[in-house]
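What follows is one structure encoded as structure tokens, with my remarks underneath.
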Amino acid sequence: MINLLAQSGFPDAMHGVTLAHYLVVSALLFVIGLIGFITRRNLIIMFLCTELMFQAAGLALIAFGRYHLNFTGQTFVIFILTVAAAEAAMALALVVLLFRRKESLNAEEWNELKG
Amino acid sequence: MPSTTAILDAITQLLPTMQHDAPNPAGTSTPAFFPLKSLYALIPLLPLLSCILCGVFAALRIKSKLPAWTTVLSLAVSFVLTALMARDLWSGGHAQTGVLHVFDWINFSWATGAGEQTKHFIANFAFYMDPVSTLWMLFVTGLATLIALYASEYMSGDLGAGYCRFFAAFSLFVFSMACLVMADNLVLLYLGWEGVGLCSYLLIGYFYKKPSAVAAAKKAFIVNRIGDLFLALGIWLTYVHLGTVQYSEIFDRIQPYLAAAANGRFDQIPLVVQIIPLLLMGGAFGKSAQFPLYVWLPDAMEGPTPVSALIHAATMVTAGVFLIARTYGLFQLSEIALPIVAWTGGFTALLAATIGMAQFDIKRIMAYSTVSQLGYMFAGLGVLTSGGAVFHVVTHAFFKALLFLCCGAVMHGFAGQLDLRKLSGVMKMKGWLVVGVGMLIGCLNLSGFPGFAGFFSKDMILAEAFSHHGHYQWLGWLLLFTAGLTAYYTFRVFFRVFVGPKYFEPGDELHGHADAAHDAAHDTHGHDPHSHHAKASVEHSGTHPQSEAAEKELADKAHGEHGHGDHHADFHPHAPGWAINTVLATLAVLSIAAAGLYFMGAHGGFVPHLVEQSSANLIHSEHAPEHATLFGQNPHAIMYYVSGVVGLIGIAIAYVLHLQGRTTAATSKADALLPAFGPVAKAVQNKWYVDEFYDFLIRKPLLVLSHIFHTIDQILVDGLVNLAGYLPKGTGKVLRPSQSGELHGYAIGMAGGLAVLLIIILWVART
Amino acid sequence: MGSIIHPAIFFAVLVLGSLGVCLALPRRKASPQLFGALIAGLAGGLLLIAMGIAGRDHLPNIYFYIFSLIGLGSALRVITHPRPVYAALYFIMTVLASAGLFLILSAEFMAFALIIVYAGAILITYLFVIMLASQAPEEGEIEALATYDTQAREPIAATVVGFLLLAVLTTMMFRGVPQLPLPGPVAPNELLAQMPRKVESVLRNNRNPDTGQPYLKADGTIQITEVAPSPAHPAEPLFITINNPGEEPVVLAQDKWPEELTVKNVEALGFDLLRNHPGSIEIAGVILLMAMLGAVVLSRKQVQLDEDAKANQARKLAQDTLGGVNPGLGRSPLESTHAGGTR
């Protein structure tokens, strides 16, 4: 099973940075974003962390596009960017509304689905 | 059944001194079975119809005696049809076996694979009327009609729902008994067997508000059930080994075994077949109240007297005898079956006789005498006089029914009083003569007084017992001694209750009857109540122990109002009406006439002649056994004298102890003798502590077990159910915190779940 | 060869890193945030050093490591900083680092698009909303921060989950690791056929090293023909025929092409986008329109408070602020304004 784990398929000669490097960075970014999302209670910061996760996804896509020498990766990232922008706008508008209701940005105050 | 003819031939050629030497019409070409008219299917179905009608009457809340008349009518028609059927079957000089297929009941055939025959299980609703069952049906339906008539008056205190219930159960009983007797296969017999058990339970527990009656009903049913288990096992074993439950086929298939048994070669008969009669015997002992399953019969006297008379004297308890007679062929295949039957019967006879000697309740004494006489019947079957046993069944049915009905009349007239220490000189009271005479005739029969039917039937059994060499001689002496005891206790009852100084005390039911019912009962007799009381007061003035002044007061009171002030002084026994008297008279006449059966044919007469041509016939070896002698003579010849002497001695002792010089009802010379017997007397009075023994051995452990199960049920079963209810609740309680309504918790859950899922996928896909 | 680093070491470093992250998250009491950050940084550094030592023969591209470190460090700071504005600023730094990574991956357009859109637009919006929706205290007055910012919620559970996920993801990533092909012409040269003007301008602006003259004279024309690869010319899918006036047509061989005559990333991306995903562009436009309209609609709504609730709210806010200050100042401008505001 150890062979299945990290770096089992490294090539004999390492010609620079491999795809794996980028993917690791992407994964790290993603997980950091996830932890931030789970941990922080400020609504706006939570959305910021989701943006971090978007970043990670984009990085992974670009890396794969580079690996396959295919422009689809970059195209996809363009659209992700578009959607992320739209989503950020909506999310912030909603956050404003939520703030008006409870006068607080604390995500824990929204627990009416409890029980 | 062609092979029966062969056996008949064998019998007639080999028997030197057995039953009859009438010419055997074996040469005539009689058909194997006589097809009966379909009309005779009504014989059991009419009582069933009457049962349903009584149920309807109960639903319609009928308060008249209509249920009784319906029952009497249906039973009477059944009896007439049975008589016609008997005439059809017996008219040719040679009693034939009639068969009638009414409808298919259980009829399965199935293939069992290549190369094997198809298997069958056939148990149809069909009749197999061989002479024994025809004879049985005659006296069952006849007695049932008479007793239903008796009950119409006896139970009239309970008009309404109780009356209808009684007659419904009564009719159902007759239907079940008919199924039992007329069946052509063991399964229909079992249906009838269970049916009579059920009706016995229903009728013993008729007074369901009395705890003792309910307990007695349960006891009867449960003890019967033990016997039924053995019977069921026997039937299954029969099916498994012989492949059929129909009598005709059974008799066919045991032919080779019979031939082996005739030669004494029991080793050629498979053990399985030898076990079947032992199992069937278990069932017979349960139903016919032999040791050790007899304990229910004395308690069954809690039921109304007509029930005791019909069911527990004449019909149901003889079902065991019938079963053995029917499967007599099977019984002869085992070396030990018939000896066990004989000795059990003998032992039970002695045991019950000793207990009967010390009881004070006259119905209970009669019950023990029934047990004792049933022992005689079983002994008769065991010593190979099936003819004698069946004859005893017939005579016993009549005189025991008569005895019970007389006791019932006494009970009815004295408000439930049955203690022989509280009644005396009843025969001398006005209106009680018929009862008294009936009782006397019954007692004479039971004691085996020479010339009466009971005498002849008992003799056949005793003679046969003494005819065998070996251990049966001891059985014979035992039965003879028991005959003496029987005579003693029977006439103890008669001399205490019916003759002697006049005395009576009312029983417990004085307060039990509603006044209205009492009046109604009075009116149906057609007596003017006041005139009745006047007569009673006049009659009492001479012999009543109370003073004359009190008598006058009594009479005035009676004239004045029909109230019950001082119940004791005001009570007047009421003599039986026309219905009861008619029935008693009929039965008395019949029981005398039954003696005539003995003379209709040589060596035992009509009944044994019939029995021989039935399934209860005997096989005998080629070498006729040498008969033993009694006092140097042929037992058959001298038995009359020996048993006659013994009976008379018993009666004489009873006279000396219970009548001669007796001035009160409560005591007699016997009481003075009691201490001489010491602890034995005490044991006998307590019925040899058998009930207590069963209580200790069976009832108490079962009670403990049931408590254990109850606790287990409460803890385990209820606990499981509660757990099933608690589990969702508990799960909900545990899981509810996960629904915190907070985003973070959900996010952790999702991310964690995703991680776990991916781990699982990776683990599964590791290659 | 087996693995570069033993997987156990890798995971141990990851554990150390997550411990550091856990500690670095803001806590109620005096939190070892700095300490945590140091540990996380240490873990990251150890990982890189380990990988560097293991592959020291072939030093990888250093810029990758620089940008990655900056990016990850900033991301860490995003999630650990108690003040929202700083978190947003750090996020901008993350975006910059990410853009740098894109550059290394020869995705220049995406890098700048990322900076322009993300850092320039989205994050500015975030900053605005943060500033509008919170009560920003002065420097050093950290008590005025809302507790929901200063306390991290369930740090341990979050870190454990994150580590699990990370372990799983990296496990999947490292199966059969391929290497990136050498940087080279990342776009096929066939696209040049679509860009005749570019070809012209390049040929005009570059001089043929043999002749010293521009490839294409001022009034010359060119012809570009596409050829299917043939055994004779397997790697030359394109023929450029230069028709200079006064000269005979010259077929320019590929090895004589000027260096500039390659398809750039932007051009290739543009062609790919418009050729293969025209519909998506339209839809993306619609999405943006909807977002715009939605934002306008959403932010127009006003929550009606009745008089009592508003009075209570004012009182509460007065208590919340730093005593003595004008209650009006402490109120966030984002709160609803009634038709006749209480101010």
**Fill in**
Filtered hits (lysines, Cα-Cα < 22 Å from C:LYS256, offset >= 8 within chain) -> C:LYS198, C:LYS217, C:LYS264
**Set B:LYS422/B:LYS687; B:LYS400/B:LYS422; A:LYS114/C:LYS316; B:LYS400/B:LYS430; B:LYS400/B:LYS682; B:LYS287/B:LYS502 screened for pairs whose C-alpha atoms are more than 30 Å apart** = B:LYS287/B:LYS502
**Prompt:** Using the beta-carbon distance between A:ASN111 and C:LEU274 and R0 = 56 Å, what value does 1/(1 + (r/R0)^6) give for FRET efficiency, to the nearest 0.05?
**Reply:** 0.70
**Prompt:** How do B:263-274, B:462-473, B:588-599 rank on mean C-beta neighbours within 10 Å, highest first?
**Reply:** B:462-473, B:588-599, B:263-274
**Message:** For the ranges B:51-60, B:152-161, B:320-329, what's the packing order if you count other beta-carbon atoms within 10 Å of each residue, average per peptide, and put the highest first?
**Reply:** B:320-329, B:152-161, B:51-60
**Message:** Along the charge dipole of the range B:677-767, pointing to its positive end and built from +1/-1 on Cβ of Lys, Arg, Asp and Glu, which listed residue (B:LEU703, B:LEU762, B:PHE693) has its Cα farthest out?
**Reply:** B:LEU762
**Prompt:** Once amide H atoms are placed 1.01 Å from N in the peptide plane, what residues at a sequence separation of 5 or more from B:ASN124, or on another chain, have their amide H within under 5 Å of its amide H?
**Reply:** B:TRP105, B:ILE106
**Asked** In µm²/s, what is D for the range B:140-217 at 4 °C and 1.567 mPa s, where D = kT/(6 pi eta Rh) by Stokes-Einstein and Rh is the Kirkwood radius from Cα pairs?
**Response** 98
**Complete:** On the formula 1/(1 + (r/R0)^6), with r taken between the Cβ atoms of B:GLN268 and B:HIS101 and R0 of 45 Å, the FRET efficiency rounded to 0.05 is 0.80
**Item:** When chain B is reduced to its Cα atoms, the Kirkwood hydrodynamic radius in Å
**Value:** 28.6
**Request:** Once you have the Cα-Cα distance between C:ILE156 and C:LEU289, take 0.36 nm times their residue separation minus that, and quote the gain in nm to one decimal.
**Result:** 43.8 nm
**Item:** Averaged over C:273-282, number of beta-carbon atoms from partner chains that fall within 10 Å
**Value:** 2
**In nm, spacing of pseudo-spin labels at B:THR118 and C:GLN213 (7 Å Cα→C-beta vector)** = 11.6
**Asked** At a Förster radius of 60 Å, what calculated FRET efficiency corresponds to the Cβ-Cβ distance of B:ALA628 and B:ARG87, to the nearest 0.05?
**Response** 0.90
**Prompt:** Sorted by mean Cβ packing within 10 Å, highest first, what order do the peptides B:632-642, C:280-290 take?
**Reply:** B:632-642, C:280-290
**Prompt:** In the range B:159-182, which residues have a backbone nitrogen under 18 Å from the label point lying 7 Å from B:LEU198's Cα in the Cα-to-Cβ direction?
**Reply:** B:165-182
**Asked** How much length is gained if the chain between C:VAL266 and C:ARG27 is pulled fully straight, taking 0.36 nm per residue apart and subtracting their Cα-Cα distance, in nm to one decimal?
**Response** 81.5 nm
**Item:** Spatial extent of the range B:364-473: Rg and Dmax, with the Cα atoms as the point set, Å
**Value:** 16.2, 54
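Every number in this text was worked out from the coordinates using simple rules, so none of it is lab data. Predicted model only: the values in this text are computed from it and were never measured. For neighbour counting, all protein chains shown are included, and Cβ atoms are generated from backbone atoms with ideal geometry for every residue, glycine included.
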